[in-house]
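Asks: One structure, as structure tokens, below. Some questions next.
The values are calculated or read from the model by the stated rules, or taken from the named source; none is laboratory data. What you see is a predicted model, and the numbers here were worked out from it, not measured in a lab. In this analysis, Cβ positions are derived from the backbone assuming ideal geometry, glycine residues included, and neighbour counts consider all displayed protein chains.
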Amino acid sequence: MKIETIELRRVHMPLVRPFRTSFGTSTEREVTVVRVITADAEGWAECAADAHPLYSSEFLDASDLVIRDHLVPRLQALGDRLSAELVATALEPVKGHMMSKAVLETAILDAQLKTTGVSFGSHLGAVRDTVPAGVSVGIMDSISELLDAVAGYLAEGYLRIKLKIEPGWDVEPVRAVREKFGPDLLLQVDANTAYTLADARHLALLDPFDLLLMEQPMKEDDILGHANLAKLIKTPICLDESIESARDAATAITLGACSIINVKPARVGGYLEARRIHDVAAAHGVPVWCGGMLETGIGRAANVALAALPNFVLPGDTSASSRYFDQDLTAPFELENGHLRVPTGPGIGVEVLPDVLASVTASTDSIRF
Ligand code: OSB
Ligand code: MG
């Protein structure tokens, strides 16, 4: 494939309500949208890094810089041999920066699939037309505010609720949601690394609430700690931040650090590695689900396609556009009986709305290839 230009565009997307996690509060999603222009097609993707290095060490200003100065030159060196399948290997010498690598691989894969008329879903191996939608519910100022928020999401049709937790906001909100919405509600929690093994006895207080899983209770590099915690609590442990590759997944599963994995393509360098994690987990009988990074319709389209693979057996954080934005960058993803439809058009299968994109763009940088 011959790329002519790569455009990096910084956009600011106001969130419909603040989203608070154990690592901070967001009131807008600032994101870098990447457009890859070839003679035959345009490929689109978004970088999942946040403005601040709080979820992981990556952040948007650093991502723009590493893309421009370190990643794009390595792709240019491939010349016309460049293809999505070669991106990860070409970028391997650069340590880390998985989200920056992912956005390039994804935009190139989108352009490539558009050229051949194949959808992300078909290319990755989707086996479903729709995927069940869960929703990630932020930390609130009060339990009553939380119960109202959960009731609203359930009325919209969401099939699974994930509560963000942190020390001081864990057992009581979980108890309140379980008591109010009953034993059939699919309920899980996400701590984003806010606890240590010294909290094991406290986290075991969540055992009676029949949670589907507890996501990333401890630090990302604490695989041994998660394996130890798994022996001390009944709730299944799911890893998010700890898993950056299929090898990480194999290690964590083998050491007993998790029995479920949250697959975020951005965190693992793209959809091709995400599929390998899906395959490794499936081979071990470990279910996976598709996480999210408050994506716009651009990233959501590809996530929904991935979530249609066979071992994505739990509802993902693949929510409707309205959970995040009043105005998405694409036609909005909408719930149909609690499900999102997997796009079937070429590539990511959704069109970017040029006027909307222009209205939220703060700056654009064009790199001649
Ligand atoms: O840990 O899963 C997470 C959002 C931003 C960063 C990290 C996480 C999240 C979410 C929301 O939980 C997922 C979404 O709705 O996109
Ligand atoms: Mg998480």
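Asks: Can you find even one residue in region 220-235 that is in contact with a Gly (Cβ under 7 Å, 6 or more places away or on another chain), outside the structural domain of LYS101 (by TED's automatic domain parsing), of a type in the set (D, E, K, R) and within 16 Å of ligand 1 (Cβ to nearest atom)?
Replies: No, every residue in region 220-235 fails to be in contact with a Gly (Cβ under 7 Å, 6 or more places away or on another chain), outside the structural domain of LYS101 (by TED's automatic domain parsing), of a type in the set (D, E, K, R) and within 16 Å of ligand 1 (Cβ to nearest atom).
Asks: Helices (runs of 4 or more DSSP H) wholly in region 154-247 with at least 2 residues that are closer than 20 Å to ARG20 by Cβ and among the charged types (D, E, K, R) - which ones?
Replies: Once the helices (runs of 4 or more DSSP H) in region 154-247 are filtered for at least 2 residues that are closer than 20 Å to ARG20 by Cβ and among the charged types (D, E, K, R), what remains is 171-181.
Asks: Are any of the residues in region 328-341 in contact (Cβ under 8 Å) with a residue 60 or more places away in the chain, exposed (fewer than 14 other Cβ atoms within 10 Å of the Cβ) and not hydrophobic (A, V, I, L, M, F, W, C)?
Replies: yes
Asks: Just checking, how many residues over region 248-281 are assigned to a loop (DSSP other than H, G, I, E, B), away from ligand 1 (no atom under 16 Å from the Cβ) and among the basic types (Lys, Arg)?
Replies: So the answer is 0.
Asks: Please state which of the following conditions MET98 fails to meet, knowing it meets all the rest: (1) away from ligand 2 (no atom under 16 Å from the Cβ); (2) at pLDDT 95 or above; (3) aliphatic (A, V, I, L, M).
Replies: So MET98 meets the others, but not (1).
Asks: Checking the conditions here, which among ASP190, ASP170, ASP210, ASP240 is acidic (Asp, Glu), surrounded by fewer than 21 Cβ atoms within 10 Å (Cβ to Cβ) and either away from ligand 1 (no atom under 16 Å from the Cβ) or in contact (Cβ under 8 Å) with a residue 24 or more places away in the chain (or both)?
Replies: Result: ASP210 is the single residue among ASP190, ASP170, ASP210, ASP240 that is acidic (Asp, Glu), surrounded by fewer than 21 Cβ atoms within 10 Å (Cβ to Cβ) and either away from ligand 1 (no atom under 16 Å from the Cβ) or in contact (Cβ under 8 Å) with a residue 24 or more places away in the chain (or both).
Residues are listed down the side, and each one gets a yes or a no for (1) modelled with pLDDT under 95; (2) touching a helix residue (DSSP H, G or I) at 6+ places or on another chain (Cβ under 9 Å); (3) away from ligand 1 (no atom under 16 Å from the Cβ):
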position: ARG10; (1), (2), (3): no, yes, yes
position: THR38; (1), (2), (3): no, yes, yes
position: PHE59; (1), (2), (3): no, no, no
position: ASP69; (1), (2), (3): no, no, yes
position: LEU82; (1), (2), (3): no, yes, yes
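Asks: Something else now. Could you please find all residues in region 282-305 being within 16 Å of ligand 2 (Cβ to nearest atom) and part of a helix (DSSP H, G or I)?
Replies: GLY299, ASN303, listed by residue number.
Asks: Something else now. Among the listed residues THR330, THR318, which satisfies the condition of being in contact with a helix residue (DSSP H, G or I) (Cβ under 7 Å, 6 or more places away or on another chain), closer than 15 Å to VAL135 by Cα and assigned to a loop (DSSP other than H, G, I, E, B)?
Replies: Exactly one of THR330, THR318 is in contact with a helix residue (DSSP H, G or I) (Cβ under 7 Å, 6 or more places away or on another chain), closer than 15 Å to VAL135 by Cα and assigned to a loop (DSSP other than H, G, I, E, B), namely THR318.
Asks: In addition: Select, from GLY117, GLY121, GLY96, the only residue that is without any contact (Cβ under 8 Å) to a residue 60 or more places away in the chain and either closer than 20 Å to CYS290 by Cβ or out of contact with any helix residue (DSSP H, G or I) (no Cβ under 7 Å at 6 or more places or on another chain) (or both).
Replies: GLY96
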